[in-house]
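Trainee: What follows is a single structure, and I will ask about it in a moment.
Values quoted throughout were computed directly from the atomic coordinates according to the rules given, and no laboratory measurement underlies them. This one's a predicted model, so the numbers in the text were calculated from it and none came from an experiment. Neighbour counts run over all protein chains shown; Cβ positions are idealised from the backbone, glycine included.
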């Protein structure tokens, strides 16, 4: 099947069809995704029921992975819901219960609820961020995106 990407918005974001992330990508498929990121800045791949390992393998098509560390994650390995190679920003503990109001993990993750640019504090920022929504609430839980290239191009000449 051929990879197709259709625009989701008039200035950025595209929807990818024709990929099954449970299997390795061909060189052509990886190139199509990279070109799609260059063009649209955000790509959505619906219906990809993949494991942590499969997401990591897909991610490796685009460069070395940024591994979670004590700066980006405070959860002990035995308490994690995801594999150690994944940034675990869940609001659930290892028993699938919501973190309490004063839980240090909940407090640490509050920054993820504010507008931010992933890994912009690092000497070499991330090339891409790949998010996988495992359980989507009926209300809230929104993730918003902005294309700073479009914002810059819209500025008046100074």
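Trainee: Radius of gyration and Dmax for the chain's Cα atoms, expressed in Å?
Mentor: Rg then Dmax for the chain, in Å: 17.2, 55.
Trainee: Report relative contact order for the chain in percent, whole number only (criteria: Cα-Cα under 8 Å, sequence separation at least 6). Intermediate results must be reported in sequence, preceding the final value.
Mentor: On the way: 131 pairs, mean separation 23.5, N = 158.
It comes to 15 percent, rounded to a whole number.
Trainee: Distance between the C-alpha centers of region 118-158 and region 16-33? Whole Å please.
Mentor: First find each Cα centre; the distance between them is then 22 Å.
Trainee: Extending each Cα 7 Å along its Cβ direction at residue 11 and residue 49, get the distance between those two points in nm, one decimal.
Mentor: Spacing of the two 7 Å Cα→Cβ label points: 3.8 nm.
Trainee: Let me ask something additional. Sort 19-32, 94-107 by packing, meaning the average of other beta carbons within 10 Å per residue, with the highest value first. Walk me through the intermediate numbers first.
Mentor: Values: 19-32: 14.6, 94-107: 11.1.
Per-residue mean Cβ counts within 10 Å order the peptides as 19-32, 94-107.
Trainee: Once the mean 1/r over all distinct Cα pairs of region 1-55 is inverted, what Kirkwood radius in angstroms do you read off? Display every interim value, and only then the final one.
Mentor: Numbers: mean 1/r = 0.0860 Å⁻¹.
Kirkwood radius, region 1-55: 11.6 Å.
Trainee: For a protection proxy built on the mean count of beta-carbon atoms within 10 angstrom, sort 109-116, 1-8, 34-41 highest first, please. Could you put the intermediate results ahead of the total?
Mentor: Working: 109-116: 10.1, 1-8: 12.9, 34-41: 15.2.
Peptide ranking by packing, descending: 34-41, 1-8, 109-116.
Trainee: If you average the sequence gap of Cα pairs under 8 Å that are 6 or more apart and divide by the length of region 1-63, what percent do you get for the contact order?
Mentor: Relative contact order for region 1-63 comes out at 36 percent.
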